[in-house]
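Report on the following structure.
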Amino acid sequence: MWKKLAVTATVVGAVFAGGRWLRAREQKRRMQHTSESGQAYQQAKTRILILGAGFGGLATALKLDEQLKEADDVSILVVDRNNDLLFTPLLWTVANGRANVDDVVVPIRAFQRGRRFHVLHAEVERIDLERREVQTSAGSRPYDILVIALGSHTAVADLPGLREHAFPFHTPADALQLRNHLIDAIESAHQAETEQERQEWLTFVVGGAGDTGIELAAIINDYIRTGLFAEYPWLADTHIRVIIVGRGERVLPMSDPRTSSLVRRALEREGITVLTGTAINAVTASTVETTDGPIAARTLFWAAGITAPDVVAQLPVEHARNGAITVDNFLRIPGYPEVYVVGDVAWAFDAVTHAPVPATAQAARDEGYYVGRTIAAQYLGRRVKAYRYQPLGHLALLGRFTGVAEIGPMAFGGFIAWLLWHLAYLQRIPSWPKRVELVTGWLLSAIFGPETGQLRLGTGLQREREQIEATGTRGTG
């Protein structure tokens, strides 16, 4: 009897505690963020305008909120055309069918709740540095301090056939397109009538040997071997080729040479061919022309560099070759001390070592936190230090249960590096529901295999037009 009473009391207590937690959580969710009118922003004594709510822009806003909570005469406005923060590194788990697209994005409003910065959902159309004004699709916004954090696009070189035949990898849509195309390629290999055609469909070239390129090649290799070949077991013994083509003399040219060597060995153990010191000259429907000769392949994924958005590249200031803005030791535009640049659009160097700052999510966050601290220090009349970039480490996902990690003086690979990659990015996504969804997806894919169904994002009318163009006939219902 006493045992039954104890069990009943435990259950009732758990339900009561759970109910209180849910009510508290709902109250927190309903916490209203004070809306700011355009007029209130205009009339603020100090107007801080942040363009872009990616890793760099959002880190700036969060740090300013932390350090200027009592500054009632300051208005902080974040402008972004999207309403979410994309955790780009986690796109790999979408591409290989281990996570859903909405698992790797967090709404910007979730960061805003309970904080003092405001958000304007609009497109940035023009930046006027002389008039200290930014034109957006929602109207003009003047500023006293400007932070440019507009991110980047995949840089597609002007090579014959490249724009027509290459696939980019930069967005959630690109991740789904990658998965869809790999499924199409395996299906086409299954239907191929000649061995030559089959081999062309089973050869996948990745242009670029930087962070994106090496992980892209590893994901393609892993998804085909552990996912798609389970659906096509009669193709499992056929020879697939995944080839990385990089212009530099080593993979990850901005990393420590030891890490580059470790990554290359890990990729080659997974059966991936690495061609360094090699350039792509042209692309056709069935061939990738390189300086080392042609590669018979019907798939090229392009990950060779990034470029700044047009609204940044058109500014009358000094730019790097990819359109990024050259900044000083305080991440400011020379001649415009009120304008800071962070993330991919900043061509920045460590103030002491003069080493270039890589265009990574980790670097963008670090720059954003620095700029937020710097703006707050100037407002409070404190001394400002030049920018130092001290990376936390480098992680790369290189296949099923294998990766590479560089932490301080140590560089190692294998399962521990793979596990660290997952734990690190799981910790960085600031949403417990997203974390649970990600872990659930990863565990289910480990048990039952990755998702191998295609998800077409076009509308019904768009798909029908594509079918008419491809076959000249209308589809049947």
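The values are calculated or read from the model by the stated rules, or taken from the named source; none is laboratory data. On a predicted model such as this, the values are computed, not experimentally measured, just so you know. Cβ coordinates were reconstructed from backbone atoms using ideal geometry, including for glycine residues, and neighbour counts include every protein chain displayed.
Screening V341 with (1) within 21 Å of R131 (Cα to Cα); (2) of a type outside the set (D, E, K, R); (3) in the same structural domain as H181 (by TED's automatic domain parsing) gives one miss only, at (3). The single residue among A361, A386, A396, A313 that is without any contact (Cβ under 8 Å) to a residue 40 or more places away in the chain and small (G, A, S) turns out to be A313.
Residues in region 330-389 that are β-branched (V, I, T) and in contact with a Phe, Trp or Tyr (Cβ under 6 Å, 6 or more places away or on another chain) were compared, and the one that is nearest to L68 (Cα to Cα) is V371.
Rundown of residues vs (1) more than 26 Å from G335 (Cα to Cα); (2) at pLDDT 90 or above; (3) touching a strand residue (DSSP E or B) at 6+ places or on another chain (Cβ under 6 Å); (4) in the same structural domain as D222 (by TED's automatic domain parsing), yes/no style:
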position	(1), (2), (3), (4)
L51	no, yes, yes, no
L64	no, yes, yes, no
A71	yes, no, no, no
T93	yes, no, no, no
E130	no, yes, no, no
G139	yes, yes, no, no
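The criterion of at least 3 residues that are in the same structural domain as G399 (by TED's automatic domain parsing) and not hydrophobic (A, V, I, L, M, F, W, C) is met by the following helices (runs of 4 or more DSSP H) wholly inside region 207-324: 211-223, 257-269.
Checking the conditions here, which among S445, S431 is touching a residue at least 12 places away in the same chain (Cβ under 8 Å), out of contact with any strand residue (DSSP E or B) (no Cβ under 9 Å at 6 or more places or on another chain) and either under 28 Å from V78 (Cα atoms) or surrounded by 12 or more Cβ atoms within 10 Å (Cβ to Cβ) (or both)? Steps first, please.
On the way: S431 fails: out of contact with any strand residue (DSSP E or B) (no Cβ under 9 Å at 6 or more places or on another chain).
One residue alone meets the criteria, S445.
Based on this model, can you work out whether R456 counts as more than 16 Å from V101 (Cα to Cα) and either modelled with pLDDT under 90 or touching a Ser or Thr at 6+ places or on another chain (Cβ under 6 Å) (or both)? Answer is no for this residue.
Hey, any hits in region 67-82 for a residue that's surrounded by fewer than 22 Cβ atoms within 10 Å (Cβ to Cβ), among the basic types (K, R) and touching a Lys or Arg at 6+ places or on another chain (Cβ under 8 Å)? The answer is yes, given that some residue of region 67-82 is surrounded by fewer than 22 Cβ atoms within 10 Å (Cβ to Cβ), among the basic types (K, R) and touching a Lys or Arg at 6+ places or on another chain (Cβ under 8 Å).
G161 - would you say it is among the small types (G, A, S), under 21 Å from W302 (Cα atoms) and over 23 Å from the mean Cα position of the chain (by Cα)? Spell out the reasoning first.
Numbers: among the small types (G, A, S): yes; under 21 Å from W302 (Cα atoms): yes; over 23 Å from the mean Cα position of the chain (by Cα): yes.
It is true that G161 is among the small types (G, A, S), under 21 Å from W302 (Cα atoms) and over 23 Å from the mean Cα position of the chain (by Cα).
Of the residues making up region 146-173, those that are in contact with a His (Cβ under 7 Å, 6 or more places away or on another chain) and either within 17 Å of G52 (Cβ to Cβ) or among the hydroxyl-bearing types (S, T, Y) (or both) are H153, T154, H170. Here R198 fulfils each of the conditions (1) closer than 15 Å to V274 by Cβ; (2) touching a helix residue (DSSP H, G or I) at 6+ places or on another chain (Cβ under 6 Å) apart from (1). A Cβ distance below 8 Å, combined with a sequence gap of six or more or placement on separate chains, defines the contacts here; from region 79-93, residues that are in contact (Cβ under 8 Å) with a residue 40 or more places away in the chain and closer than 16 Å to P430 by Cβ reach residues that are basic (K, R) and surrounded by fewer than 22 Cβ atoms within 10 Å (Cβ to Cβ) in the pairs F87/R428.
Among the residues of region 213-247, which ones are within 22 Å of A157 (Cα to Cα) and modelled with pLDDT under 90?
none
Scan region 100-119 for residues that are without any contact (Cβ under 8 Å) to a residue 40 or more places away in the chain and either of a type in the set (G, A, S) or in a loop (DSSP other than H, G, I, E, B) (or both) and the total you get is 0.
Within region 337-350, can one find any residue that is farther than 19 Å from I148 by Cβ, in contact (Cβ under 8 Å) with a residue 12 or more places away in the chain and of a type outside the set (A, V, I, L, M, F, W, C)? Yes, because at least one residue in region 337-350 is farther than 19 Å from I148 by Cβ, in contact (Cβ under 8 Å) with a residue 12 or more places away in the chain and of a type outside the set (A, V, I, L, M, F, W, C). Do the conditions hold for A192, that is, is it over 30 Å from I48 (Cα atoms) and not aromatic (F, W, Y)? Against the criterion (over 30 Å from I48 (Cα atoms) and not aromatic (F, W, Y)), A192 qualifies.
Over 30 Å from T299 (Cα atoms) and polar (S, T, N, Q), is that true of T154? Considered against the rule, which asks whether it is over 30 Å from T299 (Cα atoms) and polar (S, T, N, Q), T154 comes out as no. Within region 357-407, count every residue that is closer than 12 Å to L420 by Cβ and of a type in the set (G, A, S). Qualifying residue count for the region: 4. At least 1 residues being surrounded by fewer than 17 Cβ atoms within 10 Å (Cβ to Cβ), without any contact (Cβ under 8 Å) to a residue 12 or more places away in the chain and of a type outside the set (V, I, T) is the threshold, and among the strands (runs of 3 or more DSSP E) wholly inside region 124-197 those reaching it are 124-128, 133-136, 139-142.
This table checks each residue for (1) in a helix (DSSP H, G or I); (2) assigned by TED's automatic domain parsing to the domain that holds V147; (3) β-branched (V, I, T).
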| site | (1), (2), (3) |
| --- | --- |
| A351 | no, yes, no |
| Q362 | yes, yes, no |
| E367 | yes, yes, no |
| Y370 | yes, yes, no |
| T374 | yes, yes, yes |
| V384 | no, no, yes |
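Of T276, T299, T307, T212, all but one fail to be closer than 16 Å to I183 by Cα and not hydrophobic (A, V, I, L, M, F, W, C); the exception is T299.
Filtering F401, F412 for residues that are within 30 Å of I224 (Cα to Cα), surrounded by fewer than 17 Cβ atoms within 10 Å (Cβ to Cβ) and in contact (Cβ under 8 Å) with a residue 60 or more places away in the chain leaves a single hit, F412.
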